[in-house]
Amino acid sequence: MKLPLKFGAILFDFDGVLIESEYVGNRQIAEYLTGIGHPTTPEQSMANFMGLAGPDFHAAVETWIGRPIPDSFHAARQAEDTRVMTEGIDAVTGAIAFVRSLPADLPKAVVSSSSTRWIRRHLDHIGLSDVFGDHIYSGAEHVRRGKPAPDLYLYGAAQLGIRIDRCVILEDSPVGATGAVASGGHVIGLCAGSHCGADHAERLRAVGVHAVASSFNEVCYALL
């Protein structure tokens, strides 16, 4: 696939865009919160926490349960991270073929709230380790303000040497899409992951994405 000439690079969010980690992670969060007396569905977890990381994520959980996060929460999250780092998480349908269809010389980067260790492990699992090279950027490691601030997208574009207004950004979460829109890039809200419910496209449109694609096959049409 070739991007229209007005675009010079593509920035990928990671969780929920390239790998099916959003539903997996939010299912574990929901099960834990329900188990400590705060009934939560995976859908509620995704609606409240998806796209957040670090202090913002913890603050959202505390708001949801109305009390400080128990220490056991962190232990449970660490155990889940260890499990999926060992087993790997599969790719979103169509993601591998889409990435492989892009010209090898097209600048591309991952811009994610997750750690670079997490990203590299799962890129290896889905067989895309060779695609992005060193252009793997984490909101927790490379910028002071993570999503929903625009900083990570601006940083990724700068590292690729492409103006942000010439970058296509693929985002799946309203939190991420908010920052992507604010950055000035051309944002496609991607609803290809298993975590995307019937109202997901409207939630992305509400934060101002330029187009919505329900699959990777639709991304090229969203750029026209």
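Above 21 Å, the calculated P(r) of the stretch 44-123 contains 45 percent of its Cα-Cα pairs. Taking label positions 7 Å along the Cα-Cβ direction at both Asp199 and His58, the computed distance is 3.0 nm, reported to one decimal. The label-point distance for Lys6 and Val131, in a model that sets each label 7 Å from Cα toward Cβ, rounds to 2.5 nm.
Kindly provide the trypsin sites (Lys or Arg not before Pro) of the stretch 1-100 that DSSP labels as loop, not H, G, I, E or B, and whose Cβ sees at most 11 other Cβ atoms within 10 Å. If you can, show how the numbers build up before the last one.
Details: sites: Lys2, Lys6, Arg27, Arg77, Arg83, Arg100; in loops: Lys2, Lys6.
Of the trypsin sites (Lys or Arg not before Pro), the ones in loops of the stretch 1-100 whose Cβ has at most 11 other Cβ atoms within 10 Å are Lys2, Lys6.
Place a +1 charge on the Cβ of each Lys and Arg in the chain and a -1 charge on the Cβ of each Asp and Glu, then give the dipole magnitude about the Cα centre in debye, rounded to the nearest 20.
On the way: 18 positive and 25 negative charges, 114 e Å.
Magnitude of the dipole: close to 540 debye.
For Ile69 and Ala149, compute 0.36 nm times the residue count separating them, minus their Cα-Cα distance, and round to one decimal in nm. Display every interim value, and only then the final one.
Values: separation 80, 0.36 × 80 = 28.80 nm, distance 2.44 nm.
Working it through step by step, the gained length comes to 26.4 nm.
Using 1/(1 + (r/R0)^6) with R0 = 22 angstrom and r between the beta carbons of Arg83 and Ser214, what's the FRET efficiency to the nearest 0.05? Each step should come with its number before you reach the end.
On the way: r = 30 Å, r/R0 = 1.36.
The value I calculate is 0.15.
The per residue volume of the convex hull around the alpha-carbon atoms of the stretch 22-87 is 81 Å³.
For the stretch 169-224, just say rounded, prolate or oblate: build the C-alpha gyration tensor, square-root its eigenvalues into a ≥ b ≥ c, call rounded for a/c under 1.5, and beyond that prolate if a/b exceeds b/c, oblate if not. In terms of gyration-tensor shape, oblate.
Pulled fully out, how much extra length does the chain show between Ala206 and Ala47, if you take 0.36 nm times their separation in residues and subtract their Cα-Cα distance? Write down the numbers at each step before the final one.
Working: separation 159, 0.36 × 159 = 57.24 nm, distance 1.40 nm.
This chain segment gains 55.8 nm when fully extended.
Would you compute, from DSSP H runs of 4+ residues alone, the mean residue ellipticity of the chain at 222 nm, taking -39500 (n - 2.57) per run and dividing by the full residue count, rounded to the nearest 500? Counting only the DSSP helices, I get -13500 deg cm²/dmol. One entry in [x] 63, 36, 30; [y] 54, 35, 32; [z] 98, 44, 43 is Cα extents along the principal axes in Å calculated from the shown coordinates; its label is [y]. Among 201-207, 17-23, 163-169, 85-91, sorting by the average number of other beta carbon atoms lying within 10 angstrom of each residue, highest first, gives 17-23, 163-169, 201-207, 85-91.
Length gained on full extension, Arg163 to Ala140, computed as 0.36 nm times the residue gap minus the Cα-Cα distance: 6.0 nm.
Bear in mind that the values in this text are calculations on the coordinates, not laboratory data. Keep in mind it's a predicted model, so treat the numbers as computed, not measured. Please note: Cβ atoms are built from the backbone with ideal geometry, for glycine as well, and neighbour counts cover all protein chains shown.
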